[in-house]
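The values are calculated or read from the model by the stated rules, or taken from the named source; none is laboratory data. Please read all numbers here as calculations on a predicted model, not as lab measurements. Reconstructed Cβ throughout: ideal geometry from the backbone, glycine too, with neighbour counts over all protein chains shown.
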Amino acid sequence: MSDVSSPVAVFRSVARPPAPSAVSNALVFGWRAVLKFRHVPEQLFDLVMTPIMFTLIFTFVFGGALAGSPRDYLQVFLPGILVQTVTFNAVYSGMGLSADLDKGLFDRFRSLPIWSLAPFAGLVVGDVLRHLIAGAIILAIGLLLGYRPEGGLLGVLGGFALLLAIGFGFGWIFIVLGLLVRTPMTVMTIGFTFLFPLVFASNIMVDPATMPGWLAAFVAVNPVSLMTTAIRGLMGGGATLGEVAAGLLAPVVLTAVLAPLTLVLYRRQ
Amino acid sequence: MNMSVPMPVTLDVGSDGGFAVSVRGLAKRFGEVKAVDGIDLDVARGAIFALLGPNGAGKTTLMRMLATLITPDGGKASVMGHDLVAQPHAVRASIAMTGQFASLDDDLTGRENLLMLSRLLGFRGRAARARANDLLAEFDLSDAAGKQVKSYSGGMRRRLDIAASLVVTPDVLFLDEPTTGLDPNARQAVWRMIRAMAAAGVTILLTTQYLEEADQLADRIAVIDHGHKIAEGTSHELKSALGSGCLHVMLADPRRIEDAAAVLQAKLGLAAQAGVADASLSIVTRTAAEANEAVGALIAKGIELAAFSMGSPSLDEVFFALTAQHIGEVRDDV
């Protein structure tokens, strides 16, 4: 860039290539999500360490007291920690979106002649990868510690499919938050304030039978409990269609309500 | 990718009168604030056009409307003949925008940022990589291509940001305060790029707070204040209308400040602006002779000067002169 004449060549020489398809646009954003894993390994650490710690602490510290032995507890707890991990991880895409919006990156995306929802498709790709990586690590640790999925391989696959559906559904909450709130930390704070009671007042860690009646009543209808019951059933064998349908209810409703809302908020910006 | 095909130079004059950007009565309000309050603009194809104004004047809002990032509340505008509201996708296909805040992904490397945009715009595989590498080389970023953008200096960021707008050559390039926060060297580099792009036929609409920048770069300047266009013309026209110099005086006796202001106004036909220091005044002048006469008039009235100096008017001073004139015109209309 030492003289005026040199850049002219590069400015003049570019013929516009044919416009790419919406799918191609979405894949580019998916590629971006994968690059983020490589460049920001810290997020992978957060993503994986928290559930590992939870699994180890709950299994060995509380397992004996809650279920007779750590191993028996793991049988009940492992599907639950998967649900917890996925709902907590959903916060990340909201934080990432909020950071992108704050920095003006989305201004560039929105001024490009591309499919306007492609950036969100990329977020979803990132989410799916995050959920799969975290889920696989937790399952591996569980297997090492003695967890045995009685539903077999099909049960585990079914459980993971439901897990992704849960992550997808809950992801919308944080995408909407990310669109509304311009500071990633605030998205995280609001996200966890909302998620903590939902996750702890559920059947993930303990049997609600010992809880006071009012709480047990809430736990019974808490979508997190319903999702956990469904995944337990799938991975442990013996899930009923009703259980799986109840587990899918929250993700389906969230997607149906929040995906269109996301569109409206994004277009209105 | 066909590297040998030169960019076609469009000469046909369409319904938009051949303007790259044509704006009529464009308006945008945020709550009670009229950020842009009925602006008209015509930017000729291939020109560098500067929107000059202070923070909060409405320049960025105007530009964001033209880049289809926000929807206008009123008025009409077209970019390369495409209506802003009715054909936003066609507008996006003919523009690129480099915003005030780097619109780059900090976590990715410089090369990955350009690769991402190349692929989004339809370059595939090797062509995308070649395009990214060409741009990195042209913008002197090859050495830093593999580093994350978060480690870049302000000047490197701005260069990458501009390169990102040139992945495909846009018909119109919007640059929102392209040199704000840059050191003099980096600013010069950006100016050279802007001139080179204009030489290649790209129409450039830029915003700036710096009078000097508009003066150096732009074929035509519109001065924006409080959502209105208060003046427009070539740099030469604005200067000859307003004056290219500025006279600063400091009075020996602060009590005579009003007398002095009256003398200056009578002599130069413009309002004098109170300076930062006590008992100081500044006023825009057309010529050195005029400034000389003004000083003479003060002395003739027995107003003693503790200090005086001549200089180029700051944006602030030009603004004061323009807004005073603008208010005057409005009064004359009534």
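Of note:
- Annotation note: of B:Ala102, B:Ala127, B:Ala86, B:Ala96, the sole residue that is assigned to a helix (DSSP H, G or I), on the phi < 0 side of the Ramachandran plot and either within 23 Å of the chain's Cα centre (by Cα) or of a type in the set (Gly, Ala, Ser) (or both) is B:Ala127.
- Checked against the criteria, B:Met193 counts as crowded, with 16+ Cβ neighbours inside 10 Å and outside the structural domain of B:Phe319 (by TED's automatic domain parsing).
- Single condition B:Gln87 does not satisfy, out of (1) within 8 Å of chain A (Cβ to nearest Cβ); (2) within 30 Å of B:Ala27 (Cα to Cα): (1)
- Output for region B:130-157, where each listed residue is part of a helix (DSSP H, G or I), buried (at least 17 other Cβ atoms within 10 Å of the Cβ) and among the charged types (D, E, K, R): B:Arg131, B:Asp134, B:Glu138, B:Arg157
- Scope region A:45-101; condition surrounded by fewer than 21 Cβ atoms within 10 Å (Cβ to Cβ) and acidic (Asp, Glu); matching residues: A:Asp46, A:Asp72
- Once region B:221-255 is narrowed to residues that are charged (D, E, K, R) and out of contact with any Leu (no Cβ under 9 Å at 6 or more places or on another chain), the residue that is farthest from B:Ile303 (Cα to Cα) is B:Glu237.
- Being in a strand (DSSP E or B) and in the same structural domain as B:Ile230 (by TED's automatic domain parsing) is a condition met by no residue of region B:53-68.
- Those strands (runs of 3 or more DSSP E) of region B:196-298 in which at least 2 residues are among the β-branched types (Val, Ile, Thr), considering only elements entirely within it, cover B:203-208, B:220-225, B:280-285.
- Listed by first and then second residue, the pairs with beta-carbon distance under 9 Å, at least 6 apart or on different chains, first residue in region A:103-115 and of a type in the set (Val, Ile, Thr), second outside any helix (DSSP H, G or I), are A:Ile114/A:Ala19; A:Ile114/A:Pro20; A:Ile114/B:Leu121.
- Per the listing B:Asp105, B:Asp83, B:Asp40, B:Asp73, the residue uniquely acidic (Asp, Glu) and closer than 30 Å to B:Arg129 by Cα is B:Asp105.
- Index of the failed condition, B:Lys229 passing every other in (1) touching a residue at least 40 places away in the same chain (Cβ under 8 Å); (2) in contact with a Ser or Thr (Cβ under 9 Å, 6 or more places away or on another chain): (2)
- The conditions of being part of a helix (DSSP H, G or I) and under 18 Å from A:Ile114 (Cβ atoms) are not met by B:Arg111.
- Set side by side, the residues A:Val176, A:Val224, A:Val253 differ, and just one is modelled with pLDDT of 95 or more and on the phi < 0 side of the Ramachandran plot, which is A:Val253.
- Answer from B:Leu117, B:Leu62 - the residue that is away from chain A (no Cβ under 12 Å) and either buried (at least 20 other Cβ atoms within 10 Å of the Cβ) or touching a residue at least 40 places away in the same chain (Cβ under 8 Å) (or both): B:Leu62
- Only one of the numbered conditions (1) over 20 Å from B:Ala132 (Cα atoms); (2) within 16 Å of the chain's Cα centre (by Cα); (3) of a type outside the set (Ser, Thr, Tyr) is not met by B:Gly201, and that is (2).
- Criterion: more than 21 Å from A:Leu179 (Cα to Cα) and assigned to a helix (DSSP H, G or I) - qualifying residue of A:Val253, A:Val219, A:Val257: A:Val219
- B:Leu69 vs. criteria within 7 Å of chain A (Cβ to nearest Cβ), closer than 27 Å to B:Ala198 by Cβ and among the hydrophobic types (A, V, I, L, M, F, W, C): yes
- Residues of region A:1-44 satisfying the condition of being within 17 Å of the chain's Cα centre (by Cα) and modelled with pLDDT under 80: A:Gln43, A:Leu44
- All positions within region B:158-182 that are in a helix (DSSP H, G or I), within 11 Å of chain A (Cβ to nearest Cβ) and either surrounded by fewer than 22 Cβ atoms within 10 Å (Cβ to Cβ) or among the hydrophobic types (A, V, I, L, M, F, W, C) (or both): B:Ile162, B:Ala163, B:Ala164
- Subset tally (residues that are within 13 Å of another protein chain (Cβ to nearest Cβ) and assigned to a helix (DSSP H, G or I)) for region A:93-122: 18
- Residue match in region A:69-81 (condition: in contact with an Asp or Glu (Cβ under 9 Å, 6 or more places away or on another chain), farther than 25 Å from A:Val176 by Cβ and assigned to a helix (DSSP H, G or I)): yes
- Region B:260-295 - residue that is touching a Ser or Thr at 6+ places or on another chain (Cβ under 8 Å) and at pLDDT 85 or above and, of those, farthest from B:Lys239 (Cα to Cα): B:Ala294
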